[in-house]
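Every number in this text was worked out from the coordinates using simple rules, so none of it is lab data. Because the structure is predicted, anything quoted here is derived from the model rather than measured. Cβ: placed from backbone, ideal geometry, glycine included. Neighbour counts: every protein chain shown.
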Amino acid sequence: MHIKQASPALKAVAALLLTATLSSCGQSQNAAMPAAGPASVGVVTLQPQDTVISRELPARVSAFTVAEIRPQVGGIIQKRLFTEGSDVKAGQVLYQINPDTYQAAYQTATASLAKAEATLTSAELKAKRYAQLAEIKAISSQDNDDARAALLQARADVATAKASVETARINLAYTRITAPVSGRIGKSSVTAGALVTANQTTALSTVQQVSTAYVDMTQSSTELLHLRRDFAAGTLQNQQGKAKVKLILEDGSEYAQPGELQFSDITVDSTTGMVTLRAVFDNPKGELLPGMFVRARLEQGVRHNALLVPQPAVSRNQKGEPVVMVVGQDNKVHARVIKTSQTIGDKWLVDGGLQSGERIVVEGLMKVQDGATVKAEPLKTNASAAK
């Protein structure tokens, strides 16, 4: 059976019909899709506020009082009378040095004093008799002068003997090595039977008072100069009383007890260009250990009418400059370069480029471009969202 193929004219008509059909379908789909409206973004309205300006600085903890225990007389250690790592009181006996030789020296000095006092008594009686005899010319003036000189010498011998007794008593007392301050004592470098010498370079142990701790911070001299200029210009205001300091511990937690700034060093370290600041903290639980590395948040002053911008609202342009999207009165967004100095919590402190009352895009930055029209909605804070 022979099948005839379609003519070229019929093929052309079929193609035209198919194209018309597809075109009508596309037009109906486009008519069904509505035109896209302005993008919805979350904005915050800038409001000036008084802000405490703080700075995080690297710091080290040091003990409030440190006393190295060294012997003041030589001898053999008989006993160690403390537990390593325990708390000791001022005056508590820590070591006992063999006192035999010092006890003997004390007894010798005491005997010498008794002998000198006896000689003094004899010299006083002799000088008294010679003075009476000299009045009636019974003895020569020379004998009277010799008796008076012997009396003065006997008195000097008594004074010397008393000093020797006091020296021997002090040396005997030094055989009992006591704690000069109250605090926590570390490990002992010697044991019973060790030979120690007076004022040796190696300490027997160390007592540190840690109920109160120093925190030494370092700040660059450049930052210190900027800070002083801000105070001079009135940008920053001094706070009443001493500046408060908070600590961030090594594990990232915040230390519960606030501290106070005590002083700022007047000398710049020539090798690092840093200035040392010292703060004092109460340490009742002993959490701050000498030598511990911490970060100190130092309150440097108060800035009045400061503008703070949430960090998510700030991006960077190709030059690395901070940029925010500002919504104008016509609901059009415009990119604006701003100046920032530091972060305060989750916000940037703005030094220039923005005014109070302006609206800043925080949410929806990826949906807008410079010059686009947006639907600005106030950003919900955690408090309002919870309400």
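Along the Cα-to-C-beta direction of residue 101, a point sits 7 Å from the Cα; which residues of the stretch 69-84 have their amide N less than 16 Å from that point?
Label zone hits: 71-78.
Only helical DSSP H runs with n ≥ 4 go in: add -39500 (n - 2.57) per run for the chain, normalise by residue count and round the 222 nm mean residue ellipticity to 500 deg cm²/dmol. All intermediate terms of the calculation are to be shown ahead of the outcome.
Numbers: 5 runs with 113 residues, N = 387.
Dividing the helical sum by the residues of the chain leaves -10000 deg cm²/dmol.
Taking the 0 to 90 degree range and rounding to the nearest ten, how far is the long axis of helix 100-135 tilted relative to the main principal axis of the chain, both from C-alpha atoms?
50
Any chance you could check the Cα centroid distance between the stretch 255-285 and the stretch 195-215 for me, in angstrom?
23
Of the labelled options (1) -0.53, -0.87, -0.97, -1.07; (2) -0.48, -0.86, -1.00, -1.13; (3) -0.76, -0.99, -1.07, -1.14, which one gives log10 I(q)/I(0) by the Debye sum over Cα atoms at q = 0.08, 0.11, 0.12, 0.13 Å⁻¹ as computed for this structure?
Computing log10 I(q)/I(0) by the Debye sum over Cα atoms at q = 0.08, 0.11, 0.12, 0.13 Å⁻¹ and matching it to (1) -0.53, -0.87, -0.97, -1.07; (2) -0.48, -0.86, -1.00, -1.13; (3) -0.76, -0.99, -1.07, -1.14 gives (3).
Comparing 330, 50, 346, which has the greatest mean-square fluctuation in the GNM of the chain with Cα pairs linked when under 10 Å apart?
Between 330, 50, 346, it is 330 that shows the largest mean-square fluctuation.
Given H placed 1.01 Å from N in the peptide plane, which residues other than close sequence neighbours of residue 218 have an amide H under 5 Å from its amide H?
Close amide H contacts, sequence-distant or interchain: 277.
Just to verify a number: FRET efficiency for residue 200 and residue 351, C-beta to C-beta distance, R0 = 56 Å, to 0.05?
Here the calculated transfer efficiency is 0.45.
To check you understand DSSP bridge types, tell me what percent of the beta bridges within the chain (both residues inside) are antiparallel, rounded to 5.
95
Going by alpha carbons, how many degrees (0 to 90, nearest 10) lie between the helix axis of 8-32 and the longest principal axis of the chain?
Roughly 50 degrees, rounded to the nearest 10.
Specify the angular offset, from 0 to 90 degrees and rounded to the nearest 10, of the alpha carbon long axis of helix 221-233 from the longest principal axis of the alpha carbons in the chain.
80
Just to verify a number: FRET efficiency for residue 269 and residue 52, C-beta to C-beta distance, R0 = 41 Å, to 0.05? Intermediate results must be reported in sequence, preceding the final value.
Numbers: r = 28 Å, r/R0 = 0.68.
So the FRET efficiency works out to roughly 0.90.
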